[in-house]
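Trainee: If you scroll down you'll find the structure; I have some questions about it.
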Amino acid sequence: MVRKGSLYLALCLMFSLASFGEEFLLSADEAVRILSAIPPWPTNSAIIALSGSDKLSAEALTGWQPGDTEFAQALSFTQLKKDRQAELVEVYSKAENAFLDFTHARDDYNYRRYWARYGLYDQPEKPVMELVEFPPDMPEEFRFFLEGLQYYYRDDPDTARELWDRVKALPANKKIYCENWARTLTADSYSESDPYRTIRELEEIRKELQKKTHLDPKLTACLLRCEASSYAAVTNYPQAMNCYFALNLLGFRREEMIHSIANLIMKSEGADLEIAAKSQAVAKMTTWHAATLYSNFRLGTLDVVDMEAIANWLRALKKAGRLEDVADLAAVAAYRIGDNELIEEAIKCAKYMSPFAGWIMAKKKLSDNKRAEAESDLATLFFSFPNMTPELRNAIGRDLSFLYLSDQRYKEALKLSLASDDWQEASYIAEQVMTINELEHYIKERELENPKDDHNTPRLKYLLARRLAREGDLKDAGPYFPRLAKANADQIMASLAIGKNTTLPASERGSAIGDAARGIYYGGEPLFATENAPDWFSNEGREPRAYFFRDRSQSRLAPVSEDEEKRVRLHAKRVPARQLCLDNAVSQVWLAVELLPDNSDSLAELLLEAGRWTENRDLETSRKFYETLIRRCPSTALGQAAQNLRWFPQAE
């Protein structure tokens, strides 16, 4: 007898109730308890209670092939020696990782290709699955299946199906592990050309799996994902969403899958939209999508098409009588499109006062000029409900930060941003609003309050160090740099100290200053880069799509104060770190040139190097370095080569 709460029971529940009927998950008491949460994502403890296991995760369920444990079991039935079995397991693990890396690259390609339309990225290059030849002594079912999977990823379904047919043609005792995988992906290979065929074949596989005493969660996840995509392709959105719910209960939480289906639902019409709105489960997930579209509840990120789609969905919800079931989320979605009438209606019919409803009510108080009450409500929500979703907590924290900044309470705003884990906002305040003294004082206070460093304090220190370095105070910046950056800064300062020591020979001082110039040019960016514009250091040089100050400049409820705007203007014309490093390095080179002797190789090499630094950025300065080289070092090999070429010789 199987105990309630086991993984077996959870999986059988998914496969047995009403053939994935519209409300099948909601008919189980455990599932109702989980899915009735707002937002409708089960907690880890709820999953453990349902499955009896704490080992299920999205990573564990990722991949489109049997796990290496199954492969090792298959090898144990062969006559291969243990050493060879171990080698084949390693080959299989590498193939498994290669497939996983490719799927990540493909997902990244699809993401970048979508946003390239809006200019966020350049048009990406499509990844190609590399073909690998698998060892002939690998069990045939695995070899044929993996070879087919390669062609499946190369968009060659015909070849993939031929190889998977070879798996299915093997004797029963030779296809224990891969047959159902081959059948599932063969069915999925028709999803674009004939999705109804895919659905029929996947239903047959599911009915057979239902009779088994053991279900592989990874295969189950693969089957559910294929079914979800096929149901979405034929606009059977409730069925598609139910498959994703089942995946969620397995522990496979991929929000982008829910978003993609919900987006299709919101933009559908007629009967498809009505059927979707009548499903309690689909209503929850689609309204959650409408409320969180483009993350963090930020306003100003919705285009006209998005706003019309949300309005279309909310009208369908109201018509279907489902508004009460999703009142909190509907209020957030209505707020995003500026439908004040629906906000009021949704809040009135909310079954209980949740953080969602409280947040919307606080925002209405702000719009009604009840600022003190709104601030008090937001602070209560932020600090008294630690278990709310990160998206909602960050949204509340951001609104509260707006108010603190508007009141010139910069330290409180920074503290709140860090508590929200909103580094973009925190770095804006720390770098462009607070003075260096204010920031340094706050960091010391923070260290006293929290002796054990959290992950934000070191980031603040590094930001402060770079601000000090840009002001020319590399010595005071030193203690705040992380280890590698500090070593570079210390080396530069040591070289400059030698250069200033008038008791040393001029040539030694000049060589040391030249070394400092090289250190600044080649390794100075981590010492001088800005966290926000113009360098966007923590974002690898890319400006984020939603920039905090630009968001706030349009806020009517908590506008940017004159004091904050004045502080930000001081940073508006900051020189990029690359240019700053070049300018500082060039200044040090000229100091070194004054000290190094004529016709010395060290002087010639430094002038050549500096000329190369500047020839593409500052041709006039580069020409001065060239003229100095042929004037001061005519007897050196580099000087003579420069005279012959009438420019710098190519570096060897």
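Trainee: Rg and Dmax of the range 88-236, Cα atoms, in Å?
Mentor: Cα only, the range 88-236: 16.7, 54 Å (Rg, Dmax).
Trainee: Additional query: Give, as a single signed number, the net charge of other residues whose beta carbon lies under 14 Å from the beta carbon of Ser602, with Lys and Arg counted +1 and Asp and Glu -1.
Mentor: On the way: positive: Arg509, Arg518, Arg632; negative: Glu508, Asp515, Glu594, Asp598, Asp601, Glu605, Glu609.
My count for the surroundings of Ser602 gives -4.
Trainee: Check each of the trypsin sites (Lys or Arg not before Pro) in the range 330-428 and keep only those in coil by DSSP with at most 16 other C-beta atoms within 10 angstrom; list them in order.
Mentor: Counting only loop positions with at most 16 other Cβ atoms within 10 Å, the trypsin sites (Lys or Arg not before Pro) in the range 330-428 are Lys351, Lys370, Arg409.
Trainee: Using the Karplus equation 6.51 cos²θ - 1.76 cosθ + 1.60 (θ = phi - 60°), what ³J(HN,Hα) coupling, rounded to whole Hz, does each residue of the range 601-617 give in order, writing x for Gly and Pro?
Mentor: Going residue by residue, I get 4, 5, 5, 4, 5, 5, 5, 4, 4, 5, x, 5, 4, 9, 5, 9, 10 Hz, with x marking Gly and Pro.
Trainee: Now a separate question. Among residues other than Val593 whose Cβ falls under 13 Å from its Cβ, what is the net charge (Lys/Arg +1, Asp/Glu -1)?
Mentor: Local net charge: -1.
Trainee: Now for a separate question. Summing Lys, Arg as +1 and Asp, Glu as -1, what charge do residues with Cβ under 14 Å from the Cβ of Lys126 carry, Lys126 excluded?
Mentor: Values: positive: Arg106, Arg112, Arg113, Arg154; negative: Asp107, Asp108, Asp122, Glu125, Glu130, Asp155.
Value of the local net charge: -2.
Trainee: Probe 1.4 Å, all protein chains in place: accessible area of Glu130 in Å², nearest 10?
Mentor: About 130 Å², ignoring ligands and nucleic acids.
Trainee: Taking θ as phi - 60°, what are the ³J(HN,Hα) couplings along the range 511-527 by the Karplus curve (6.51, -1.76, 1.60), each to the nearest whole Hz, with x for Gly and Pro?
Mentor: Once θ is set to phi - 60°, the couplings for the range 511-527 become 4, 5, 5, x, 4, 5, 4, 5, x, 5, 5, 7, x, x, 4, x, 9 Hz.
Trainee: Something else: Among Cys633, Gln643, Thr621, flag the residue with its Cα farthest along the positive direction of the charge dipole of the range 554-652, charges on Cβ as +1 for Lys/Arg and -1 for Asp/Glu.
Mentor: Going by the charge dipole, the pick is Thr621.
Trainee: Okay, moving on. How much accessible surface does Val132 have with a 1.4 Å probe, in Å² rounded to 10?
Mentor: 80 Å²
Trainee: Tell me, in nm to one decimal, what length is gained between Lys81 and Lys126 on full extension, where the rule is 0.36 nm per residue of separation less the Cα-Cα distance?
Mentor: Using 0.36 nm per residue and subtracting the Cα-Cα distance, I get 12.1 nm.
Trainee: Please tell me the relative contact order of the range 343-485 in percent, rounded to the nearest whole number, where contacts are Cα pairs under 8 Å and at least six residues apart. Intermediate results must be reported in sequence, preceding the final value.
Mentor: Details: 107 pairs, mean separation 17.9, N = 143.
Computed value for the range 343-485: 12 percent relative contact order.
Trainee: Under the Kirkwood approximation for Rh and a Cα-based Rg, what ratio Rg/Rh is obtained for the range 74-172?
Mentor: That ratio is 1.11, to two decimals.
Trainee: Right, something else. Taking a probe of 1.4 angstrom, what is the accessible area of Glu565 in Å², to the nearest 10?
Mentor: 80 Å²
Trainee: Same structure again: Kindly sort Arg574, Arg459, Arg113 by accessible area of their heavy atoms, largest first, with the probe set to 1.4 Å.
Mentor: Values: Arg574 40, Arg459 90, Arg113 110 Å².
Largest accessible area first, the list is Arg113, Arg459, Arg574.
Trainee: I would also like to ask the following. For labels at Glu204 and Lys475 in the simple 7 Å Cα→Cβ model, what's the distance in nm?
Mentor: Placing both labels 7 Å along Cα→Cβ, they lie 8.2 nm apart.
Trainee: Just to be sure I understand the model, the point goes 7 Å from the Cα along the line to the Cβ. What's the resulting Arg483 to Lys168 distance in nm?
Mentor: Rounded to a tenth, the inter-label distance reads 5.7 nm.
Trainee: While we're here: Take the solvent-accessible surface of the protein heavy atoms, probe 1.4 Å, and return the percent of it on the range 297-435 that carbon and sulfur atoms account for.
Mentor: Taking all protein chains in place, the range 297-435 shows 51 percent carbon and sulfur surface.
Trainee: Let me ask something else about it. List the chymotrypsin sites (Phe, Trp or Tyr not before Pro) in the range 106-176 that DSSP assigns to loop (not H, G, I, E or B) and whose Cβ has at most 13 other Cβ atoms within 10 Å. Which are they?
Mentor: Passing both the DSSP loop test and the Cβ count: Tyr118.
Trainee: While we're on this one: Longer than 24 Å from Cα to Cα, which of Lys207/Lys267; Lys461/Lys500; Lys174/Lys218; Lys267/Lys319 are they? Say none if no pair is.
Mentor: Flagged as over cut-off: Lys207/Lys267; Lys461/Lys500.
Trainee: Run the simple label-point estimate for Asp490 and Ala271 please: 7 Å along Cα→C-beta, distance reported in nm.
Mentor: In this crude label model, Asp490 to Ala271 measures out at 7.5 nm.
Trainee: Also, I was wondering about something else. Pop out the ³J(HN,Hα) list for the range 126-143 in order, Karplus 6.51 cos²θ - 1.76 cosθ + 1.60 with θ = phi - 60°, rounded to Hz; leave Gly and Pro as x.
Mentor: Working through the residues one at a time gives 5, x, 10, 6, 6, 7, 10, 8, 8, x, x, 8, 5, x, 4, 4, 6, 5 Hz.
Trainee: Sticking with this one: Could you work out the percent of alpha carbon pairs in the range 346-453 separated by over 15 Å, rounded to a whole number? Display every interim value, and only then the final one.
Mentor: Working: 3781 of 5778 pairs.
I get 65 percent for the Cα pairs in the range 346-453 exceeding 15 Å.
Trainee: Now for a different question. Provide the gained length on full extension for the span Asn616 to Glu308, in nm with one decimal, where the gain is 0.36 nm per separating residue minus the Cα-Cα distance.
Mentor: 105.9 nm
The values are calculated or read from the model by the stated rules, or taken from the named source; none is laboratory data. Just so it is clear, the model here is predicted, and its values are computed rather than measured. No Cβ is skipped: glycine too gets one built from the backbone with ideal geometry, and neighbour counts run over all protein chains shown. The protein model used for the area step is the full one, side chains on, heavy atoms only, and it has no ligands, DNA or RNA in it. Shrake-Rupley method; radii C 1.70, N 1.55, O 1.52, S 1.80 Å.
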